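The values are calculated or read from the model by the stated rules, or taken from the named source; none is laboratory data. Predicted model, so just to flag it, every value in this text is computed and none were measured. A quick note on method: Cβ atoms are made from the backbone with ideal geometry, for glycine too, and the neighbour counts reach across all protein chains shown. For accessibility, only protein heavy atoms count, side chains too; no ligands or nucleic acids. Shrake-Rupley method; radii C 1.70, N 1.55, O 1.52, S 1.80 Å.
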Amino acid sequence: MDTAQQELTAAEQKTGIELSGSQAVLEALIAEGTDVIFGYPGGAIMPIYDALYDYNDKLNHILVRHEQGGIHAGQGYARASGKVGVVFATSGPGATNLVTGLADAQIDSTPLVCITGQVFAHLLGTDAFQETDVINITTPVTKWNYQVTDATEIPEVLAKAFYIAKSGRPGPVLIDITKNAQFQKFEYKGYTPCKHIRSYRPKPIVRREYVEEAARLINSAKKPFILWGQGVLLGSAEQEFKTFVEKSGIPAAWTILGAGAIPTTHPLNVGMLGMHGNYGPNVLTNECDVLIAIGMRFDDRVTGRLDKYAKQAKVIHFDIDPAEIDKNVQTTVQVWGDCKETLPILTELIEQKQHTEWLAKFNEFTRQEVEAVIKDELFPSSEELTMGEVIQQVNELTNGEAIIVTDVGQHQMVACRYAKFNNTRSNITSGGLGTMGFSLPAAIGAKFGAPDKEVIAVIGDGGVQMTIQELGTIMQFNVGVKILILNNQFLGMVRQWQELFNDRRYSFVNITSPNFVKVAEGYNIPGQSVNDRESLKSALKTMIEHDGSYLLEVMVTKENNVFPMVPQGCSVSEIRLS
Amino acid sequence: MTTHIPNPEKQEYNITVYTENQIGLLTRIAIIFSRRKINIESLNTSPSEIDSIHRFNIVITESENVVSKVCRQIEKQVEVLKVYYNTNEDVIWQEMALYKVPTDEIAEKAIVERLLRENGARAVVIRHDYTVFETTGHREETDALIHKLQPYGLIEFVRSARVMIIKDSEGFNRKLREFESQEPGHEVVENEYLNSADKVFTM
Ligand SMILES: Cc1ncc(C[n+]2csc(CCOP(=O)(O)OP(=O)(O)O)c2C)c(N)n1
């Protein structure tokens, strides 16, 4: 690794070498192994951009088209690679444009370090040009934030920023640097990564007795059920998790952020949880005797009505964040800690079993769901295309090896339900915040995070229009993402709710779109639009085989609904098939 | 129309938070309450016996269920060292109040003298025009004196936040000192430029 720290001689480390605050920022990024920065310049961050001019060979900066695009790209990068996403923005409007992405990263535990420029320190509080109080605006949506007014703080503050962003339960960090500190020259003495902060416990200490208690419950369970979430991915514990599942023989279902930790086709993977999850996992949540939750947070989209959620079951909750335990669901056994550490202890303690009859129950529900919902969605008899059959074709062409980056709405639920995920970190979606406009920029980031993977952005006709300007980023930097727009000519998910719960009073869900193929063409991105079954497969094949970015619009049936569905305010066992 | 759902489990809780001394941390803690629309009834923050470690005392009226969750959220903050919550039975607490009254009024009336003595008040300042009394106690006690001094021309009144000591806090001081000696805290970096605006050239 080519870092300034290594370039410094022992003598220089003592006396220091003269660097500007801006240079120190870039040295920190290099030392942290940052391979890409997503950013947008402006007045208050100009010194950093000026320094970047000389670091062009060491740091890859991608100029996005909007700071929201920049931060979503940072998220996509982090989610695909497991590394920290780095984002630059200027003060004022640049910084406020980050807020949606920060909130998204906070609720989905995505490690980010965002660096914003700020007006000169002496101007703080004077309503100076492009001054906003970004620290206070972002406090609720960051794991940590800090304002630097003096350059000498920069190495240590950035080291802390990276450490906090990626350790424990990851999250976004924002560092606001006043312009004077970016200019300020100081004696730089090298960069020391942070490994410890005295007030911060990233991981609770694992208490073996609780794991033992969990194992006892699991060993005596007749109908145990595993729910897993993104914690398994964030803890890089996929292997440990798989070993546990296989030894225990317990059926396991996932939250949308947990998808891919074990392959879709794994015999013990019984499907997706939640409002549009699979039939069996929802119904049988209210029938299991021991519920084992691993690295998930019982979001209301997963639990439905809480007072009717798994009341019959003893609940074991594994989580790295003690604040999540007992937050929504009362546990019988709580196991605090990193699941990479707790799962192997648990696996050791449990008996090897097969829950054949219990598993058969899940399979029976699957059969019913296939009959009532899935068959028609994946292999429709109607003339018009469904979203499900598009995803099904994608599966066949990519064989479950692609990274699918979805936006928010019906297509998101359909993609999560039907896409085949062979690998971890291959389902990237805005889960907790449900941010429309996430997919296109996040896909750009994902491609940088996993350059060898096929990255397919699956987006609705509504959501794509929220961040469509990022086609410019794709054009300028030749980002080879595939853009698959599922166009139902509606804000489909809202329309579905209006149909089901508001007597079909379609209030402002009818959305018109530009000619997406022409728009793409304007950005030098080839594409086509299809609306029939005959062309679908070859169009998808063309898209996937195309070397470089490609946009494919698929016109799908207008008023399809995503089922099954747990209506809001209902219990998971009241899930509807139609 | 709002429906009021009375919650019989609600009672006063005293939250003690040990933190680093860090600009912005007050906001980070305060928004954990405001986000849930919980009213902070009293908030005291000041350095603990260790300069670099601050101690917050926060009083809210909530159910234990809510309080315990809020405390976990506070403890999760990077710069928070430790959080405790206690009912009023578990703590010894005091509030301090200051009362400013016209000196001539009270000097005339010997009755005031007795009244102050009964309420454990003492004079902090006596000038020819006004006198400032101080009393320390529970809310009802400091309240009582307001009412009593009202007829004698009370000019100004102020009450501090609640400070409290946890009855069952064996070893707090020792642990804090050990913690600090193992790894001393940092000094706060403040903005050194606010008063030098005219000396700086900017664009
Ligand atoms: C930024 C933002 N605004 C509004 C919403 C509310 N919302 C959720 S889904 C949805 C409709 C999405 O429509 P579209 O992108 O066409 O996808 P579809 O549901 O049709 O697949 C809306 C408006 C949201 N999630 N995010």
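Residue B:131: at pLDDT 90 or above and within 25 Å of residue B:41 (Cα to Cα), yes or no? Considered against the rule, which asks whether it is at pLDDT 90 or above and within 25 Å of residue B:41 (Cα to Cα), residue B:131 comes out as no.
Out of curiosity, is residue A:277 open to solvent by less than 40 Å² (accessible area, probe 1.4 Å), without any contact (Cβ under 8 Å) to a residue 40 or more places away in the chain, among the small types (Gly, Ala, Ser) and in contact with a helix residue (DSSP H, G or I) (Cβ under 9 Å, 6 or more places away or on another chain)? Criteria not met by residue A:277. Inspection of segment A:391-403 identifies at least one residue that is crowded, with 24+ Cβ neighbours inside 10 Å, in a helix (DSSP H, G or I), in the same structural domain as residue A:485 (by TED's automatic domain parsing) and over 13 Å from the mean Cα position of the chain (by Cα). Annotation note: Cβ proximity below 6 Å between a residue of segment A:457-482 that is under 24 Å from residue A:414 (Cα atoms) and a residue that is of a type in the set (Asp, Glu) (sequence gap 6+ or interchain) occurs for A:459/A:407; A:460/A:407; A:463/A:407.
Here are A:569, A:472, A:480: which of them is outside any loop (DSSP other than H, G, I, E, B) and surrounded by fewer than 21 Cβ atoms within 10 Å (Cβ to Cβ)?
A:472
Filtered by the rule that a residue be more than 9 Å from the ligand (Cβ to nearest atom) and open to solvent by 30 Å² or more (accessible area, probe 1.4 Å), segment A:448-469 gives A:448, A:451, A:452, A:453, A:454, A:468, A:469. Among residues of segment A:48-69 being within 17 Å of residue A:33 (Cβ to Cβ) and part of a loop (DSSP other than H, G, I, E, B), the one that is least open to solvent (accessible area, probe 1.4 Å) is A:59.
Against the definition (within 15 Å of the chain's Cα centre (by Cα) and either without any contact (Cβ under 8 Å) to a residue 24 or more places away in the chain or surrounded by fewer than 24 Cβ atoms within 10 Å (Cβ to Cβ) (or both)), how does residue A:445 come out, yes or no?
Against the criterion (within 15 Å of the chain's Cα centre (by Cα) and either without any contact (Cβ under 8 Å) to a residue 24 or more places away in the chain or surrounded by fewer than 24 Cβ atoms within 10 Å (Cβ to Cβ) (or both)), residue A:445 does not qualify.
Among the residues of segment A:115-134, those that are in contact with a helix residue (DSSP H, G or I) (Cβ under 7 Å, 6 or more places away or on another chain) and either among the hydroxyl-bearing types (Ser, Thr, Tyr) or more than 9 Å from every other protein chain (Cβ to nearest Cβ) (or both) comprise A:115, A:116, A:117, A:118, A:130, A:131, A:132, A:134. Screening residue A:433 on (1) surrounded by fewer than 20 Cβ atoms within 10 Å (Cβ to Cβ); (2) more than 13 Å from the ligand (Cβ to nearest atom); (3) within 30 Å of residue A:570 (Cα to Cα); (4) in contact (Cβ under 8 Å) with a residue 60 or more places away in the chain shows it passes everything except condition (2).
Within segment B:67-81, does at least one residue satisfy the condition of being within 30 Å of residue B:183 (Cβ to Cβ) and among the small types (Gly, Ala, Ser)? Yes, that holds for at least one residue. Residue check: is residue A:485 under 21 Å from the mean Cα position of the chain (by Cα), buried (at least 24 other Cβ atoms within 10 Å of the Cβ) and assigned to a helix (DSSP H, G or I)? Taking the combined requirement at face value, the residue does not satisfy it.
For segment A:501-523, the candidate set comprises residues that are in contact with a Ser or Thr (Cβ under 9 Å, 6 or more places away or on another chain) and not in a helix (DSSP H, G or I); within that set, the residue that is least open to solvent (accessible area, probe 1.4 Å) is A:523.
Condition check ((1) assigned to a loop (DSSP other than H, G, I, E, B); (2) charged (D, E, K, R); (3) in contact (Cβ under 8 Å) with a residue 24 or more places away in the chain) across all residues:
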{"site": "B:134", "(1), (2), (3)": "no, yes, yes"}
{"site": "B:158", "(1), (2), (3)": "no, no, yes"}
{"site": "B:177", "(1), (2), (3)": "no, yes, yes"}
{"site": "B:187", "(1), (2), (3)": "yes, yes, yes"}
{"site": "B:195", "(1), (2), (3)": "no, no, no"}
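Listed by first and then second residue, the pairs linking a residue in segment B:62-81 that is within 8 Å of chain A (Cβ to nearest Cβ) and farther than 13 Å from residue A:322 by Cβ to a residue that is open to solvent by 10 Å² or more (accessible area, probe 1.4 Å) and modelled with pLDDT under 95, with Cβ atoms under 7 Å apart and 6 or more places separating them unless they lie on different chains, are B:79/B:22. Screening A:181, A:151 for residues that are farther than 23 Å from residue A:340 by Cα, surrounded by 17 or more Cβ atoms within 10 Å (Cβ to Cβ) and facing chain B (nearest Cβ under 10 Å) leaves exactly one candidate, A:181.
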